[in-house]
Structure formats: structure tokens, C-alpha cells
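What follows is one structure encoded as C-alpha cells, with my remarks underneath.
The values are calculated or read from the model by the stated rules, or taken from the named source; none is laboratory data. A quick note: this is a predicted structure, and the numbers were derived from the prediction, not measured. Cβ coordinates were reconstructed from backbone atoms using ideal geometry, including for glycine residues, and neighbour counts include every protein chain displayed. Just the protein is used for accessible areas: all its heavy atoms, side chains included, with ligands, DNA and RNA removed. Shrake-Rupley method; radii C 1.70, N 1.55, O 1.52, S 1.80 Å.
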Amino acid sequence: MKRITLNVVAVVLALLFIFPLIWMLLVSLKPNGVNVYTLSDWIKWSDLTFANYAKVMKDSQILRWTWNSAVIGVITTVVSLLFSSLAAFSFSKLPFKSKGLFYLLIVSGLLIPTEAILIPLYETTLHLKLIDNIWAIILPGLTNPLGILLLKQFMDGVPKDYIEAAQIDGCRSINLWLRICLPLTKSAMVSVGIFYFILSWNNFLWPYLSITSQENMILSAGLPTFLSNNIMSLNMIMAASSIAAIPTIVVFILLQRHIVQGVAMSGVKG
């Protein structure tokens, strides 16, 4: 009985969470000026149309913005995971002088808001002639203190016996990271990777300041500009928002198993 109750509650909560997405999709498929407010509007399938999506793609560069966001998100995620996992492994498993001080300095980066570094970041980017270039978005996002902190906590759970046994066999530090810590923290890596991707995908303020041309914009910066010109058309807004939401939904669906494992585990306990 308890299990049935939990399942019912889970289904109800799932429906509550998915309801806004369904409403957004239905509104985006309705003709301009037709909204979905009543049950009869929900079940009226005869007036569904893809005209709003065609108009969004025609009147904006949303596909180019989506491509830019995807490229930046993938590069940022892969390189950030590489740097973060190496740093986490060093802080977790390797002895070196002033380790506590360096770790404190990295974690203290969480206390600095993005707005506080915008001016020096813009001046540096301007000096490097990277304004209106996607590398102006990629390079500042390659390191993240939170990712290092999370991965270190997982790597702390890797049994010391594994590390010591490998060291006795002559395994070097890079192989300890590659062959022992990475496989045992795979779920954590995927969870942090999804966090990095979504963070990059939703990044707005810095891309909005550093990119000036339409073709180099990313979705989070270009979409508000397009929506501001179509504020009276709810159907167009929902169509554009649906296109923007598809990649992150797909990523979550494909990797949700690893997300659950990453949340449920805190590393391999020794």
C-alpha cells in the first residue's frame, strides 16, 4: 500500500512539473492569436500548425544561435570536466605543499559574483581582440570552482587501498586519475557535466556584452532580442521557447540515469 501511494504521488508530481511544458508546446502549435485556456482548447487538434515555428526560423537566426550555444556548451563542458577532474584528483589524492591554501583560494571563487568581474573581463577580452568571437564566451567558462568542489568530494570516497595498491605496482599519478578515479566517479562526472552544459546554455549576461553581431550570438542572448520584437504574439514566443528548450530536455532524458546515480552516491565508500 505504501509503495502504491508513493507511486501515485510521484505520478502527480511528474504531471505538475510537465504541465507547463505541454502547455508551451500546445500554444506554440496553435494559430497566431489562439491560446490554450480551456479543456476544449487542449483537445482541439484540428487547428494545430507549424506555421509559428516556420516564422520563427524565417524572422530570426534561431538555428544559428542554437548551433552556437551547442558548440560552446560542448567545448566548455568537455574542457571544464577535464580541468575540474584533474584539479579534484590533485586535491583529493596527491600530497603537495600548501594544498589547503590553494583549495581555499579555489573554493573562495564561489563568493565572487559574475557582475564583479565583468569590467576586467571585458577589458581583457578587448585587449586580446576576442570581442564578437565565440572564444570570448568559451575561455572564461573553462574553470568552475563548484565543479572542482563536487568532484573532490566524490574522489575522496575512492578507497585509499586502490590508490596504494596501484602505486605499489608502479602506477603513475596520471594513470591513477585515468584508470582508477575516473571510472569510479563516472556518474559524478556526468552529473557535473550536465551542470556545466546547462550553465553554459543559460549563460546570458557575459555573452550579451561580449557578442555584438547576430550571427555570433548564442540562444540565451539572441532569443530575448527576438522575443522583445514579438511581445504581442504569445504563440511566437512559445514556439521560440520550445526550440530553445529542446536540447536541454534531450540531454536530460539521455543522461537522467547518471544524474540519479550521481545524486544517490557520494563516491565509492571504502
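Considering only Asn52, Asn32, Asn235, the Gaussian network model of the chain with Cα springs below 10 Å gives its largest mean-square fluctuation to Asn32.
Ordering Leu199, Ile117, Thr76 by Cα displacement along the dipole of the range 72-213 toward the positive end leaves Thr76 in first place; charges were set at the Cβ atoms of Lys, Arg (+1) and Asp, Glu (-1). For the range 96-113, putting each phi into the Karplus relation 6.51 cos²θ - 1.76 cosθ + 1.60 with θ = phi - 60° gives couplings of 7, 5, 6, 4, x, 5, 5, 5, 5, 5, 5, 5, 5, x, 5, 7, 9, x Hz, in residue order, rounded to whole numbers and with x for Gly and Pro. A simple charge model with +1 on the Cβ of Lys and Arg, -1 on the Cβ of Asp and Glu and nothing else charged puts the dipole of the chain at about 700 debye relative to its Cα centre. Restriction of the trypsin sites (Lys or Arg not before Pro) in the range 50-100 to DSSP coil positions whose beta-carbon has at most 14 other beta-carbons within 10 angstrom yields Lys97. In the context of the full protein assembly, Ile4 retains an accessible surface of approximately 110 Å², using a probe radius of 1.4 Å and ignoring ligands and nucleic acids.
When Trp201, Trp67 are compared by accessible area of protein heavy atoms, the largest-first order is Trp67, Trp201, using a 1.4 Å probe.
Taking the Cα centre of the range 139-246 as origin and assigning +1 to Lys and Arg Cβ atoms and -1 to Asp and Glu Cβ atoms, the resulting dipole is close to 40 debye. Charged side chains reduced to their Cβ positions (Lys and Arg at +1, Asp and Glu at -1) give the range 125-182 a dipole of some 140 debye around its Cα centre. If R0 is 51 Å, the Cβ-Cβ spacing of Thr49 and Cys171 corresponds to a FRET efficiency of close to 0.25.
Pairs from the list Lys97/Lys129; Lys99/Lys160; Lys129/Lys152; Lys58/Lys129 with a Cα-Cα gap above 27 Å: Lys97/Lys129; Lys129/Lys152; Lys58/Lys129. When the chain is described by a simple charge dipole with +1 on each Lys and Arg Cβ and -1 on each Asp and Glu Cβ, the residue from Pro247, Ser173, Leu63 located farthest towards its positive end is Ser173. For the chain, rounded, prolate or oblate, judged on the Cα gyration tensor with a ≥ b ≥ c (square roots of eigenvalues), a/c < 1.5 rounded, else prolate if a/b > b/c? Note, shape of the chain comes out oblate. The range 82-98 and the range 112-152 have their alpha-carbon centroids 22 Å apart.
The accessible area of Leu15, taken with all protein chains in place and a 1.4 Å probe, comes to roughly 110 Å². In the range 170-206, which trypsin sites (Lys or Arg not before Pro) are in a loop and have at most 11 other Cβ atoms within 10 Å, using DSSP for the loop call? Here the sparse-neighbourhood loop sites are Arg172. When the chain is treated as a GNM with alpha-carbon contacts under 10 Å, the residue of Ala240, Ala136, Ala116 showing the greatest mean-square fluctuation is Ala116.
Ordering Trp23, Trp135 by accessible surface, largest first, gives Trp135, Trp23; the 1.4 Å probe counts only protein heavy atoms, with every chain in place.
The modelled label-to-label distance for the pair Thr124/Leu15, using points 7 Å beyond Cα in the direction of Cβ, is 5.1 nm.
Comparing Gln167, Gln214, Gln256 in a Gaussian network model of the chain, where Cα atoms under 10 Å apart are tied by springs, the biggest mean-square fluctuation is seen for Gln167. If you fit an axis through the alpha-carbon atoms of helix 62-93 and take the longest principal axis of the Cα set of the chain, what angle between them do you get, 0 to 90°, nearest 10? Here the helix axis deviates by roughly 20 degrees.
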